[in-house]
Amino acid sequence: MTRLASHAFVAFGIFLLTSLTASAQVLPSFSTWENQRTSILNVGLVTGNQFGGFFTNRAPGFQCQNIPYPVQNGIILPNGAITFTVDFTACATVTTWKGQVTGSQMPTKWVLVHNGVQQRGSDLFRKISPF
Ligand code: BTN
């Protein structure tokens, strides 16, 4: 590899790392978020615009409590726009949240579907880890 090619290779690596961490700063990998219903969103690895993790429902008045369900279709954009879906399989319920990460807060609106019936609401998540 020529000197120029190796410089270009390093520069491309730095560019890739920078673009990956840009999203990671909005929604940190391995951060924990709690909503006003005391449910917990554990964010796993944030890679580019995508993230995984687990959601544990603890909301009064809902079923399927205290079971960590995988986050599906987790997307976080550089401007903080976020969406994720949880399939509460044991309850035959699917919920999709959409919102905005702003610092340590994440106001969202959700749509829950159970047996063809929709329910809508809002959740305010606050980052509880890392501080
Ligand atoms: C069910 O009761 O059918 C499954 C659990 C649904 C929990 C919902 S999802 C939206 C809202 N926010 C929460 O933290 N929990 C409830």
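The values are calculated or read from the model by the stated rules, or taken from the named source; none is laboratory data. Quick caveat: nothing in here was measured; it's all calculated off a predicted structure. Virtual Cβ from ideal backbone geometry, glycine too; neighbours counted across all protein chains shown. These area figures cover heavy atoms from the full protein model, side chains too; ligands, DNA and RNA do not enter into them. Shrake-Rupley method; radii C 1.70, N 1.55, O 1.52, S 1.80 Å.
Radius of gyration (Cα atoms) of the range 68-118, expressed as a multiple of 2.2 N^0.38 Å: 1.23.
First compute the accessible area of the range 26-131 with a 1.4 Å probe, then give the percent of it belonging to carbon and sulfur atoms.
57 percent
Amide H to amide H, with H built 1.01 Å from N, ILE128 comes under 5 Å of THR32, TRP33, GLU34, counting only residues 5 or more places away or on other chains. So for the range 84-131, averaging the separation of alpha carbon pairs under 8 Å that are six or more residues apart and normalising by length, what relative contact order in percent results? Relative contact order here is 28 percent. Taking LYS98, LYS109 and ordering them by how much accessible surface each has at a 1.4 Å probe, largest first, produces LYS109, LYS98.
Using a probe of 1.4 Å on the protein chains alone, the accessible area found for VAL26 is around 30 Å². Excluding PHE125 itself, calculate the net charge of residues whose Cβ lies under 15 Å from the Cβ of PHE125, where each Lys or Arg counts +1 and each Asp or Glu counts -1. Charge balance near PHE125 sits at +4.
Across the range 71-88, computed HN-Hα scalar couplings (Karplus, 6.51 cos²θ - 1.76 cosθ + 1.60, θ = phi - 60°) run 6, 10, 6, x, 10, 10, 8, x, 7, x, 5, 9, 8, 7, 10, 10, 9, 7 Hz from first to last residue, x flagging Gly and Pro. The simple Förster model, with R0 at 22 Å and r as the Cβ-Cβ distance, assigns ARG58 and ASP87 a FRET efficiency of 0.80.
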